[in-house]
Amino acid sequence: MLRKRTLGQDTKNENVKLDTKKAPESSEGPHRESKKTLWSRVCNVGKVILLIIFIPPFLNYASLQRETVLLVPKEGISVDIGLGQKIHLLCKGQGQPVVLLDAPTGMSSDAWFHIQEDISQTTKVCSYDRVGLGFSKRAFQNDTTGMERVWRVSTTGRMVDDLHRLIKAAKIATPLILVGSELGSLNGRFYSHIHNMEVSDLVLIDPIPEDVFEDDQWHQYWYSQLVPSLQAMQFSAATGLSRIFIILGWMHPAIEGENVSEDLIQRQKFCLSNPSHQSSAVDEHFFLNESVSQVRELSRFKPLSSITSVSVITGDYFDAQLPPHLNKVVAERQKRFLEQSYPSATRVHVPGADRKMVYKKPSAIGTMFLQLGCSAAFAGGKMKTSVNTESS
């Protein structure tokens, strides 16, 4: 006879079955929880990375829009030179002849800050930002014809065309004294050879030798070391990192010191953080070889007029931070180029100076320039200097 299972037994058996079914679920629970925790961590890390990627460029862009308006020098003006392009021009002082300053490669007109102040005590002196640098924004598109289509952007031919239109649009009195450093010296030479009646005196500071890029060591240094380092600066500015580095004190303006105004320091920080300025600085360095070729070809085709006097200011090195053999390459080729192109030029040597002399030794340059350029133009007398001067 079959025995009946008691209610307690049935309940016990059912509980056992239920526990058996639940057992696998309880073992998967911690694993699922760990997966959720890991995924949440990944999401949080992703959010942080996105914030790092997007917030610095956004904040940098917003700051640049505000600084573009606030940091423009009060004495400066924006001159429409046509073709949809405007150039920032800053003039100080009164009198003639007017002195026009063209900055070193990749630098804004602030490089001349101290020198411009000194010269303005004697005569009118103007500096300008080349297209794309400082406060001269590059036009996005040009559908016009003329010189702007003949020359590549950021080469001497194009810059000289811009400069000529700037002088006409701003009604700067000519003949003037044209002063250029590095790339500015190439622009000064090109301009003086074409528009010789508009230039009474040409002052070249650290002029670039015409054949320097024919040297393999120099060519390798320029395009394998210098240009890539400038491209890294451009990337840093575009991502907003440069502004962070400046805030942290890891990046400093080129022009510093007790006599440097806060406005000048802020303008330099603006340029360091501005990807547009940095992009143009890269282009000027990258196409410098082409600029040299343009000037060399023009010099052969159209020699400098005898009515334009030439003065050359050089230091001990091209760059004190470069290895001696590279400085030697520039010095030797520079000497040969000057002897061939401007044999009658007045030569001035600044002891201990290199290509940064326009803002590292501004008082020496300002004093010598007044004696070399302005005094000669005013009085028509013999040029004299209190430093090492030699006639080629």
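The values are calculated or read from the model by the stated rules, or taken from the named source; none is laboratory data. These numbers come from a predicted model, not from an experiment. Cβ atoms come from the backbone with ideal geometry, glycine included; neighbour counts cover every protein chain shown.
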>> Which pairs turn up if I take residues in segment 291-307 that are assigned by TED's automatic domain parsing to the domain that holds Gly157 and look for partners that are in a loop (DSSP other than H, G, I, E, B) with beta carbon separation below 7 Å, at least 6 apart in sequence or on another chain?
In response: Ser291/Thr155; Val292/Ile208; Val292/Glu210; Gln294/Thr155; Val295/Glu210; Arg296/Glu210
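Counting residues that are under 17 Å from the mean Cα position of the chain (by Cα) and at pLDDT 90 or above, which helices (runs of 4 or more DSSP H) fully inside segment 250-350 reach at least 1? Steps first, answer last, please.
Working: elements: 262-273, 275-286, 288-301, 324-341.
Output list reads 262-273, 275-286, 288-301.
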> Just a yes or no: is a residue in segment 128-144 modelled with pLDDT of 95 or more and touching a Pro at 6+ places or on another chain (Cβ under 9 Å)?
Replying inline: yes
> Gly380 fails exactly one of the following numbered conditions: (1) more than 26 Å from the chain's Cα centre (by Cα); (2) loosely packed, with under 14 Cβ neighbours inside 10 Å; (3) at pLDDT 90 or above. What is the number of that condition?
Replying inline: (3)
> Going through segment 45-68 one residue at a time, which ones are farther than 26 Å from Gln268 by Cβ and either among the basic types (Lys, Arg) or at pLDDT below 65 (or both)?
Replying inline: Val45, Gly46, Lys47, Val48, Ile49, Leu50, Leu51
>> Just to verify a result, which residue in segment 308-352, among those that are touching a residue at least 60 places away in the same chain (Cβ under 8 Å) and of a type in the set (D, E, K, R), is farthest from Gln217 (Cα to Cα)?
In response: Arg336
> Which of the residues belonging to segment 149-191 are among the small types (Gly, Ala, Ser) and surrounded by 24 or more Cβ atoms within 10 Å (Cβ to Cβ)?
Replying inline: Ser154, Gly180, Ser181, Gly184, Ser185, Gly188
